[in-house]
1. So for each of 88-96, 157-165 I average, over its residues, the number of other beta carbons within 10 Å; can you give me the resulting order with the highest mean first?
2. Would you mind ranking 48, 13 so that the residue whose beta carbon has the fewest other beta carbons within 10 Å leads the list?
3. Find how much the distance from residue 55 to residue 169 grows on full extension, using 0.36 nm per residue of separation minus their present alpha carbon separation; answer in nm with one decimal.
4. Name the residues of segment 103-134 whose amide N is less than 15 Å from a point 7 angstrom out from the Cα of residue 34 along the C-beta direction?
5. From the Cα gyration tensor of the chain, with a ≥ b ≥ c the square roots of its eigenvalues, which class applies: rounded if a/c is under 1.5, or else prolate if a/b is larger than b/c, or else oblate?
6. Per the helix-only calculation at 222 nm, which mean residue ellipticity applies to the chain, given -39500 (n - 2.57) for every DSSP H run of n ≥ 4 and division by its residues, nearest 500 deg cm²/dmol?
7. Quick one: if the Förster radius is 22 Å, what FRET efficiency do residue 80 and residue 45 give, using the C-beta to C-beta distance and rounding to 0.05?
8. What is the gain in length, in nm to one decimal, between residue 71 and residue 128 on full extension, counting 0.36 nm per residue of separation less the C-alpha to C-alpha distance?
C-alpha cells in the first residue's frame, strides 16, 4: 500500500439475496485531501439533477471519517429511491468506512488527511420491489464498500493478475465475444 495515498481506485460487487434487486457495486477513489482525489471531492459538492451527492453519515451529526461523499451512478427519479440512497445505503457506506478504520485498513492517524468518493449503484426498480429487504441492501452495500476500499488500498487487481487472466475472465454481461 502506498504511503503517499495520492490516488487509489477500487471496485467491488456483492450480489443480493435471491429475489432481491439490492446488488451493490461501489466504485471507490481514496486519496489525500490535498491531492487529485481531494480536488475531485470538492468539485462533487455541486448538485446535479438526479445525482445528488451526499456525505456518508452514521446518523445526523455523525459524518464518518475519512470524509466520504456518495454519488449515485444512476439518476434517482423519485423520493423512494432517494430515501434508500440517503438512508440504508448511506448508513452501510458510513459503517463500512468506519469499520475499515477500526480494523486498521485505513490508518487512524490519516483519517483527516484522506477523503473517499464512492459511486453507488441503486437499481432504479429497487424501491418499488414488492419484497424489498433493506437488511439485504445494507449487507450488500456494507460488504461491497469494505471490499472496494481494501482493493483500492492494495491496488488490486494487480496488472500481473489482469494479464494472467486476460483470456479466462469475461465481463458478467458479455454475450458478444467468443
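1. 88-96, 157-165
2. The order, fewest Cβ neighbours first, is 48, 13.
3. 37.6 nm
4. Answer for this model: 110-115.
5. Judged from the Cα gyration tensor, the chain comes out oblate (a/c at least 1.5, b/c at or above a/b).
6. Helix-only estimate at 222 nm: -9000 deg cm²/dmol.
7. 0.30
8. Additional length available on full extension: 18.5 nm.
Every number in this text was worked out from the coordinates using simple rules, so none of it is lab data. Being a predicted model, the structure only gives us computed values, none of them experimental. For neighbour counting, all protein chains shown are included, and Cβ atoms are generated from backbone atoms with ideal geometry for every residue, glycine included.
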